1. Taking the stated definitions as given, is A:Ser177 closer than 18 Å to B:His184 by Cβ, surrounded by fewer than 17 Cβ atoms within 10 Å (Cβ to Cβ) and either among the hydroxyl-bearing types (Ser, Thr, Tyr) or within 14 Å of the chain's Cα centre (by Cα) (or both)?
2. What is the one condition in (1) crowded, with 21+ Cβ neighbours inside 10 Å; (2) under 18 Å from A:Phe92 (Cβ atoms) that A:Asn206 does not satisfy?
3. In the range A:3-108, which strands (runs of 3 or more DSSP E) lie fully inside it and hold 3 or more residues that are within 14 Å of the chain's Cα centre (by Cα) and either aromatic (Phe, Trp, Tyr) or within 14 Å of chain B (Cβ to nearest Cβ) (or both)?
4. Any residue at all in the range B:12-32 that's basic (Lys, Arg) and farther than 23 Å from B:Gln245 by Cβ?
5. Among the residues of the range B:42-58 satisfying the criterion of being surrounded by 14 or more Cβ atoms within 10 Å (Cβ to Cβ) and not in a loop (DSSP other than H, G, I, E, B), which is modelled with the highest pLDDT?
6. Does any residue of the range A:218-235 turn out to be in a helix (DSSP H, G or I), away from chain B (no Cβ under 14 Å), in contact (Cβ under 8 Å) with a residue 40 or more places away in the chain and in contact with a strand residue (DSSP E or B) (Cβ under 9 Å, 6 or more places away or on another chain)?
Amino acid sequence: MVEGKIEIRGLNFYYGTFQALQDVTLRIREREITAIIGPSGCGKSTLLRCLNRMNDLIKGARIEGSVKIDGEDIYGSSVDLIRLRKKVGMVFQRPNPFPISIFDNIAYGPAIHHLASKQALPDIVERSLRAVGLWDELKDRLSGSALMLSGEQQQRLCIARLIAVEPEILLMDEPCSALDPVATAKIEKLMLELKCRYTIVIVTHNMQQAARVSDWAAYLYLGKLIEFGETKMLFTTPKKRETEDYITGRFG
Amino acid sequence: MNQLMNPRRTEKIVFFFLLLSTLVVVLPVILVVGIIVVRGSSVLSWEFLTALPRMGMKAGGIFPAIFGTFCLVVGTVVFALPVGIFSAIYLSEYSKRGRLTRLIELAIVNLAGVPSVVYGLFGLGFFVVFLNFGASILAGSLTLAVMSLPVIITASREALQAVPKSFREVSYSLGATKWQTIRHAVLPHALPGILTGTILSLSRAAGETAPILFTVAAFYLPKLPKSVFDQAMALPYHLYVLSTQVPNVKLELQYGTALVLVALAVLMNIVGIVIRSYFRTKKQW
């Protein structure tokens, strides 16, 4: 069997004494979209944030088990957090551009990682904006504030900002929850385009969204992985009763 | 009984006392500024602002005092601003929240309440005598800097903590180090608040007499300082001297000096307010 891009094994996660994840084992395949679905508070975001170690910032957080990316345990003692987070980027629930110009938003990552000289930055900005389909709209106002953009444009900009640091994995934490249906459809289309270059893990409340974009889906409930499989199987012939209840809306 | 408890009457009485208290607060400010302006503006002239004092300060201008205060303010900025900002960054971003940090924060808050004459004595003992700077602009600036630090640190910490958490999160998620995050994603957005707090504390430092009394201020020195190791005249101390130490000074000279001092403080406060409102209109998170 092929090794996944990300291998999660026996993952337990605690906020202080509260156990947010219980024995989660999951394989995430390269250049495919894996959706994590489940009701609020089931640990979806926590699981996602284990993959780029954003949970490290939380006091009292503790983790057991292993997460391997390309065969390397990211919780190992020799791991370089900076390299990890450059490789595993994140898109947040609310579009969160910095209150600076569009250009500077995208240049932020490359400048920090010294990926490019000052002269090469405009190229990176253009490439990143093209990758998210914003270049034609924004090429004449790169020095304008990123906050002047619509919510959907802001979220695309955040994805472009991420792409500029050349990641391999994109973690998306309910990237459309602050957007209207039209904007959501555009972001979903973008995700499908990005799939050929990046491994994408998306957390979503929206089951239709998971069904539309993902190749694999994991259903999480109360910190436990209830079912994991190919999206079309999980949504048409779920193996577990709980999964069926949730996806058919008979939940709770 | 019913009459007394009438809510409409209560409303009027409450309103009256609230208004009265506010007037009591505002009135002295108006009177002080008004009297100073009325009585001091007659001596204001280009000569008064730019000439050296003459005849034992009974005539001539106050330029050395203005220049001295200017030097002290610049010196205070040079010493207090970097240290203040750096320690605020350490306290708000780096330090572990423990008993020691809380103790340090408590000490800083309390330092802000220490009477300024105590800082003056400290400056005399430490900078003038122990470090052997003598009474000099250097010693005076350092003393004023030490006095200003608690306010600058407190204002800076508040400004840093007001920067949304999401900026830090995004920066870390892009693989930035802690210092890169602070330097590029936090500090630029905290700077307006830091500057406002600093300017307000400087305007206080510019007007203080006690801290400079033993550390820099010259009684009567009708020439400009040549280096930071020289003594200098300063506006607040000059005003004190004119008012109490020199007999038969024209009252207008005292009020004129006070007017310049007040104008300086008001000017600095206005700059602080303008900076703050400018950035407030730009800020959109």
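1. Details: closer than 18 Å to B:His184 by Cβ: no; surrounded by fewer than 17 Cβ atoms within 10 Å (Cβ to Cβ): yes; either among the hydroxyl-bearing types (Ser, Thr, Tyr) or within 14 Å of the chain's Cα centre (by Cα) (or both): yes.
So A:Ser177 fails the test.
2. Every condition holds for A:Asn206 apart from (1).
3. Numbers: elements: A:6-15, A:18-28, A:33-37, A:61-69, A:88-91.
Those strands (runs of 3 or more DSSP E) span A:88-91.
4. Just the residues of the range B:12-32 that are basic (Lys, Arg), to begin with: B:12.
Narrowing further to those that are farther than 23 Å from B:Gln245 by Cβ: B:12.
Yes, the range B:12-32 has at least one match.
5. Applying the filter and picking the extreme gives B:Phe48.
6. The answer is yes, given that some residue of the range A:218-235 is in a helix (DSSP H, G or I), away from chain B (no Cβ under 14 Å), in contact (Cβ under 8 Å) with a residue 40 or more places away in the chain and in contact with a strand residue (DSSP E or B) (Cβ under 9 Å, 6 or more places away or on another chain).
Per-residue answers, yes or no, for (1) surrounded by fewer than 19 Cβ atoms within 10 Å (Cβ to Cβ); (2) at positive phi; (3) part of a helix (DSSP H, G or I):
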position: B:Leu106; (1), (2), (3): yes, no, yes
position: B:Gly113; (1), (2), (3): yes, no, no
position: B:Gly123; (1), (2), (3): no, no, yes
position: B:Phe127; (1), (2), (3): no, no, yes
position: B:Pro150; (1), (2), (3): no, no, yes
position: B:Thr154; (1), (2), (3): no, no, yes
position: B:Phe167; (1), (2), (3): no, no, yes
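For (1) within 19 Å of B:Tyr255 (Cβ to Cβ); (2) among the hydrophobic types (A, V, I, L, M, F, W, C); (3) out of contact with any Gly (no Cβ under 6 Å at 6 or more places or on another chain), each residue gets a yes or a no:
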residue: B:Thr10; (1), (2), (3): no, no, yes
residue: B:Arg39; (1), (2), (3): yes, no, yes
residue: B:Ala59; (1), (2), (3): yes, yes, yes
residue: B:Phe67; (1), (2), (3): no, yes, yes
residue: B:Cys71; (1), (2), (3): no, yes, yes
residue: B:Phe79; (1), (2), (3): no, yes, yes
residue: B:Leu91; (1), (2), (3): no, yes, yes
residue: B:Ala107; (1), (2), (3): no, yes, yes
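The values are calculated or read from the model by the stated rules, or taken from the named source; none is laboratory data. All figures in this text were calculated on a predicted structure; none of them were measured in a lab. Every residue, glycine as well, gets a Cβ built from its backbone with ideal geometry; the counts of neighbours run over all protein chains shown.
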